[in-house]
Amino acid sequence: MAQGRGSAMVVGVAILCLLALTQPTFAAIYSVGGAGGWTYNVQNWPRGKSFRAGDLLAFNYGRTLHNVVAVSKRGYDSCSAPRGARVYQTGKDRVRLSRGQNYFICTLPGHCQAGMKIAINAA
């Protein structure tokens, strides 16, 4: 039985050391567009912000006025979403960032062309 306690003690100490060496990381939550929310001319909103993979974007908008679709660079540039793309439309959408470039547009007619799109690079 003494050997069992010794093994458990070693495992416990190893776990404590591992926990002490790791730093907890918490995802940041960013409200897209700031106080104005997800609306026109938000293209420059990401400037000066440091995004990380796993951070959450909070898209707040009138649910009958806009939507949010994650798209590729091509979709961002052309203001178009591929058929079958997931459309967020609750007005209180939360989207987790992936590592690298992330692109979002509003697909309602004319909205993306009026600047309702953002490109975010997450480290």
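Computed from the coordinates by the stated procedures, all read-outs in this text should not be read as laboratory data. Model, not experiment: these values are computed from the prediction. Cβ sites come from the backbone with ideal geometry, for glycine too, and all protein chains shown count toward neighbours.
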Fully extended, how many nm does the chain gain between LEU65 and ALA53 (0.36 nm per residue separation, minus their Cα-Cα distance)?
1.5 nm
Between GLN113 and ARG99, how many nm apart are label points set 7 Å from Cα along the C-beta direction?
3.8 nm
Where in the stretch 48-76 is the amide nitrogen less than 11 Å from a point lying 7 Å along the Cα-to-Cβ axis of ALA123?
50-53
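Treating only the Cβ atoms of Lys and Arg (+1) and Asp and Glu (-1) as charged, compute the dipole magnitude of the stretch 27-122 about its Cα centre; round to the nearest 20 debye. Please list the in-between numbers first.
Values: 13 positive and 3 negative charges, 44 e Å.
It comes to approximately 220 debye.
Divide the volume of the convex hull of the Cα atoms of the stretch 27-122 by its number of residues and quote the answer in cubic angstrom per residue.
So the per-residue Cα hull volume is 89 Å³.
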Tell me the trypsin sites (Lys or Arg not before Pro) within the stretch 69-112 that lie in a loop according to DSSP and have at most 12 other beta-carbon atoms within 10 Å.
ARG83, ARG86, ARG99
